[in-house]
Every structure is written in structure tokens, then in C-alpha cells.
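Q: Quick one: the structure is below, questions incoming.
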Amino acid sequence: MLRRTLSLLSGPLLAAATLVGGAPALLAPAAIAIPEAEAIKKLSVIPVFVLTNDQGVPLPIPRDKTLILPMYLERSMADRELANFRKANPQLKAQVLALPLNVASEKVDELNKQLKDGRTLVAPIVSRDQDREQAIAILKKQGLTDKQIQDGLNTPVFFTKPFLTINTPEGQRGVFFFRYDEMQKALAAVPDAKKLEPQAADLTAALREIIKAKDDVFVFFPTPDYFNLVQEQQQLQQKGGGGKPAAAKP
């Protein structure tokens, strides 16, 4: 299921799954500690932003027999694409819809099952350029080739070796970050930060690590847009708006 679900979001899986710090240990078989669905549910704190019509129906880009539906990790990127879309299609009503990444994954699966004309919906996760550049720099420093990175790095995430941990209601957890600057901010608050070496991975490799861990010991750090959406929802609830900010409009 992991291969099928996430390949729709982030392209081919890592060749030999070696992009978590170039760690061959990822190839070793291990008992699954937590169900895959529970691992993917951890992505609920990572919102993605997609273009839809005013009814919430996605607006993918046709390309041969493939439909491309970019899923932006940054609301500002989606807003720019919305402005471009409206300029090119003034007769169509469009908006930006915010979805948790785990829910978006399920939606992509559902939409693919509904396609009957041989087409496939592919929904790449679009990261910030600076995060991809940082991930590439880290992986090159670890000795990976350009081809290995090109083939294996679709959605970069960051962590440290040994793992930077945070306190949660369930105890301490190792953290994966979607933004390099968020990891650096967290490291700035750690007294022995120099002992923690920044690492990069593809999202699918990080999820493999979460599933294969002996215990449930990892989390994803929420992106800034997650906190913004939570604040918007709280404001809507205070105003009696039902707390359902479905569309993230510019």
C-alpha cells in the first residue's frame, strides 16, 4: 500500500531506499511496529494546497494520458498559481483548497479509481526550491551522485543524526521536518546542537523508517501553514462560522 499510495503523490520510490542519510540499514527487514495507515496519519499536520473549482473539484493539468495535480506545501505558491490560472481562464471560478497530506493521499487514490478512460492522476508534492537545494547539498556531501538524487529525491524532509527530539503528550519523539529553516530554528534552541548532524531524505524513505521502527517514536513537525490554518479555524469558530475553512483564499 505504501508504494501505491505515495507513488501517486511523489513519483517513484527511492532506489534501494538509501536516501535517509545514505543509510543501508533501511534495507534490512524488520517487523512492522505500527500499521502503515498510522504512519501516514502522522502527515495530518502537513497541509497541502491544490487548485479546485468553486465546488471543490480539483483542476488537474492534462498531459497526454496523465493528469497532473500539483499539491503545494506553501500556500503562497498555490496562490501564485491561482492568479496565473485565473488570468489564463477568466471564465472559470477557481480557488485554493487546503487539505491535510494524509487526506490528500486518500483523495488521489479515490480519484484514480474513478478514472475510466485509461488516464492516471499524478499529484506531485511541490516543495520550496530552497528546501530542495538544501537537501541536494546535504546528500551530495554524504557522497550520493546526481543520478541517485534525481532518481530518489521527490519530496525532501530533514532530520538530524542522532535524532533531534521534542516532547509530546505521548513522550519524546524524533522529528522529521519539511522545511530546512524550521529544523535550524529548532536546533538553535538545543545546547549541544553541534553534535546533531543535519540529514535529508525523501518522504517515502522517512515513512519507511517510521513503520520499521521498533516503537512509535517519530513525528512530523507541523509546517507554518498548519498553524495558520488552525488559527483561521479558531477565528471562524469564535465568529460562529462552523470552523470549516475548506478553501484557503488569497
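The values are calculated or read from the model by the stated rules, or taken from the named source; none is laboratory data. This one's a predicted model, so the numbers in the text were calculated from it and none came from an experiment. Note that each Cβ is placed from the backbone with ideal geometry, even for glycine, and that neighbours are counted across all protein chains shown.
Q: When the residues of the stretch 121-142 are filtered to those that are under 24 Å from residue 41 (Cα atoms) and touching a helix residue (DSSP H, G or I) at 6+ places or on another chain (Cβ under 7 Å), which remaining residue is surrounded by the fewest Cβ atoms within 10 Å (Cβ to Cβ)?
A: 124
Q: Residues to consider are 155, 165, 160, 145; find the one that is farther than 12 Å from residue 202 by Cβ and in contact with a helix residue (DSSP H, G or I) (Cβ under 8 Å, 6 or more places away or on another chain).
A: Values: 155 fails: farther than 12 Å from residue 202 by Cβ; 165 fails: in contact with a helix residue (DSSP H, G or I) (Cβ under 8 Å, 6 or more places away or on another chain); 145 fails: in contact with a helix residue (DSSP H, G or I) (Cβ under 8 Å, 6 or more places away or on another chain).
Result of the check over 155, 165, 160, 145: 160.
Q: All but one of (1) under 23 Å from residue 50 (Cβ atoms); (2) part of a helix (DSSP H, G or I); (3) among the charged types (D, E, K, R) hold for residue 133; state the number of the condition that does not hold.
A: Unmet for residue 133, out of (1) under 23 Å from residue 50 (Cβ atoms); (2) part of a helix (DSSP H, G or I); (3) among the charged types (D, E, K, R): (1).
Q: Counting only residues that are β-branched (Val, Ile, Thr) and buried (at least 19 other Cβ atoms within 10 Å of the Cβ), which one in the stretch 154-173 is farthest from residue 194 (Cα to Cα)?
A: 155
Q: In addition: Please specify each residue of the stretch 152-166 satisfying the condition of being under 11 Å from the mean Cα position of the chain (by Cα) and not β-branched (Val, Ile, Thr). Before the answer, list the steps.
A: Taking the stretch 152-166 as the starting set, the residues that turn out to be under 11 Å from the mean Cα position of the chain (by Cα) are 154-157.
Answer for the stretch 152-166, where residues must be under 11 Å from the mean Cα position of the chain (by Cα) and not β-branched (Val, Ile, Thr): 154, 156.
Q: Give the stretch 48-66 a look and list any residue that's surrounded by 14 or more Cβ atoms within 10 Å (Cβ to Cβ) and touching a Ser or Thr at 6+ places or on another chain (Cβ under 7 Å), or say none. Walk me through how you get there before you give the answer.
A: So the first thing to find is which residues in the stretch 48-66 are surrounded by 14 or more Cβ atoms within 10 Å (Cβ to Cβ), and the list is 48-52, 58-60.
Answer for the stretch 48-66, where residues must be surrounded by 14 or more Cβ atoms within 10 Å (Cβ to Cβ) and touching a Ser or Thr at 6+ places or on another chain (Cβ under 7 Å): 58, 59.
Q: I would also like to ask the following. Scan the strands (runs of 3 or more DSSP E) fully inside the stretch 30-70 and keep the ones with 1 or more residues being more than 22 Å from residue 203 (Cβ to Cβ).
A: Per the criteria, 47-53, 61-63.
Q: Considering only the stretch 163-181, state which residues are out of contact with any strand residue (DSSP E or B) (no Cβ under 8 Å at 6 or more places or on another chain) and modelled with pLDDT of 95 or more.
A: Scanning the stretch 163-181 gives a single hit, 181.
Q: Please count how many residues of the stretch 158-189 are touching a Ser or Thr at 6+ places or on another chain (Cβ under 9 Å), of a type in the set (Val, Ile, Thr) and over 14 Å from residue 220 (Cβ atoms).
A: Here the count works out to 0.
Q: Test of understanding: among 151, 216, 181, which residue is surrounded by fewer than 22 Cβ atoms within 10 Å (Cβ to Cβ) and not in a helix (DSSP H, G or I)? Talk me through it step by step, then tell me what you get.
A: On the way: 151 fails: not in a helix (DSSP H, G or I); 181 fails: not in a helix (DSSP H, G or I).
Only one candidate passes the filter, namely 216.
Q: Just give me the residues in the stretch 184-207 being surrounded by 12 or more Cβ atoms within 10 Å (Cβ to Cβ), farther than 13 Å from residue 156 by Cα and either modelled with pLDDT under 95 or of a type in the set (S, T, N, Q) (or both), in sequence order.
A: Within the stretch 184-207, 184, 190, 193 meet the criteria.
Q: Looking at 163, 159, which is the one that is within 23 Å of residue 47 (Cα to Cα) and in contact with a Gly (Cβ under 8 Å, 6 or more places away or on another chain)?
A: 159
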